[in-house]
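> First, the structure itself, so that you have it in front of you.
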Amino acid sequence: MKPNEYDVIDDGIKRVNAILSRMPKIENRLDDINRQLSPSGNNQLTVKQWCDLVNERSSLRLELKRLEAELKEKYHLVVDESEKIIINSFDITL
């Protein structure tokens with residue numbers, strides 16, 4: 001293959017890597033938000049701050065579900081509870 005040729009497999013690998021690197025960041029941010037929103041968080045949040053955190057948490061949950069669905073449906077990968085990646089099958093559509 002020539003260096004400048006388009007490679008669908010490389011694109012798929014890059015996308016999977018991007019998703020897998022984004023997911024822990026989302027989970028960490030969700031944990032941080034949940035700590036801030038918890039009654040034991042001892043934070044004096046204004047109503048606006050509280051609403052902003054709740055909205056961000058909702059958006060992040062949706063993004064996480066979307067990324068998990070993309071991994072499962074498009075790339076046939078599943079990240080289980082122990083953070084292991086399970087490959088169900090690998091189909092490349094050209």
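> Just want to confirm a number: the relative contact order over region 8-87, from Cα pairs under 8 angstrom separated by 6+ residues, in percent.
Rounded, it is 26 percent for region 8-87.
> Let me ask another. Using only C-alpha atoms and all pairs of different ones, pull out the Kirkwood radius for region 8-87 in Å with one decimal.
Value: 14.2 Å, from the Cα pair sum.
> What number of lysine-lysine pairs in region 8-87 show an alpha-carbon separation below 14 angstrom, given a sequence spacing of 8 or more or placement on distinct chains?
So the count works out to 4.
> What ranking of Val16, Val47 emerges when the number of other C-beta atoms within 10 Å of each C-beta is taken as an exposure proxy, fewest first?
Lowest to highest Cβ neighbour count: Val47, Val16.
> Taking 7 Å along the Cα-to-C-beta vector as the label spot, tell me the Lys14-Ser59 distance in nanometres, rounded to one decimal.
2.6 nm
Just so you know, all these numbers are worked out from the coordinates, no wet-lab data involved. All of these numbers come straight from a predicted model, not from anything done at the bench. Neighbour counts are summed over all protein chains in view; Cβ atoms, including those assigned to glycine, are modelled from backbone coordinates with ideal geometry.
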